[in-house]
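The values are calculated or read from the model by the stated rules, or taken from the named source; none is laboratory data. None of these values were measured; they are calculated from a predicted model. Cβ sites come from the backbone with ideal geometry, for glycine too, and all protein chains shown count toward neighbours.
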Amino acid sequence: MSKDAPGVRFAEIERETAETRVHMVLDLDGGSRHDVGTGIGFFDHMLTLLAFHGQIDLGVSAVGDLEVDDHHLVEDVGIVMGQALREALVSEQNITRYGSVQSPMDEALVLVVIDVSGRGVLTWNVDFQREKLGELSTECIREFFRALAAHSRMTIHVHKTCGLNDHHVAEAIFKGFGRALHLAAEPVDRRVPSTTKGLRD
């Protein structure tokens, strides 16, 4: 990004493979525009909640080999979102860097913690009882966040504290990630000290 536009935290990424094609537009300083279409209704709902609670503008257009299963598409959307977040956050603007949220949804409670660390790590402690939520495989939720962590180079922790309804647990995760991302990406006047090397060295 040009130093002449330090306030712009925007990315547009396109990825095409033999299995999928994903186009994403992301603006960290938006918050009112959400246009998500992946062909997986529940996944669209979760991404829209992430964007709404993260106060970001998000456009996603994705097609893939859903006749096989949903794995390739969900993982590739995670890859592209990770790349978009990394590009949007590489600016001259200092950020809070850390975001931590206890995210409730009725009986479910999930802890989501983010460090914009320059190291892509996911720690995941969530169990689901159902194999699918709508047409989204619950095992693919972890794959989405694993790909996002790796390609954004963020450290992400997701821990389920309690919850009996898998829909509520998933909703708490995506909402919590959006809120934690908003906190971590908040601009600050002073650089956050760090002894690490990477995106936020």
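Tabulated data for the structure shown
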{"quantity": "Residue identified as small (Gly, Ala, Ser), touching a helix residue (DSSP H, G or I) at 6+ places or on another chain (Cβ under 8 Å) and farther than 30 Å from residue 131 by Cα among 51, 11, 88", "calculated": "11"}
{"quantity": "Subset of segment 178-201 [modelled with pLDDT of 95 or more and in contact with an Asp or Glu (Cβ under 8 Å, 6 or more places away or on another chain)]", "calculated": "184"}
{"quantity": "Scope segment 97-145; condition assigned to a strand (DSSP E or B) and of a type in the set (D, E, K, R); matching residues", "calculated": "115, 132"}
{"quantity": "Candidate set from segment 7-34 (those that are surrounded by fewer than 17 Cβ atoms within 10 Å (Cβ to Cβ) and farther than 23 Å from residue 69 by Cα); member that is farthest from the chain's Cα centre (by Cα)", "calculated": "7"}
{"quantity": "All positions within segment 155-170 that are closer than 17 Å to residue 53 by Cβ and buried (at least 22 other Cβ atoms within 10 Å of the Cβ)", "calculated": "156, 158, 169, 170"}
{"quantity": "Among residues of segment 1-39, those that are of a type in the set (D, E, K, R), at pLDDT 85 or above and over 19 Å from residue 178 (Cα atoms), counted", "calculated": "5"}
{"quantity": "Odd one out for residue 175, checked against (1) at pLDDT below 95; (2) in contact with a Leu (Cβ under 7 Å, 6 or more places away or on another chain)", "calculated": "(1)"}
{"quantity": "Residues of segment 86-105 satisfying the condition of being touching an Asp or Glu at 6+ places or on another chain (Cβ under 9 Å) and surrounded by fewer than 18 Cβ atoms within 10 Å (Cβ to Cβ)", "calculated": "87, 94, 96, 98"}
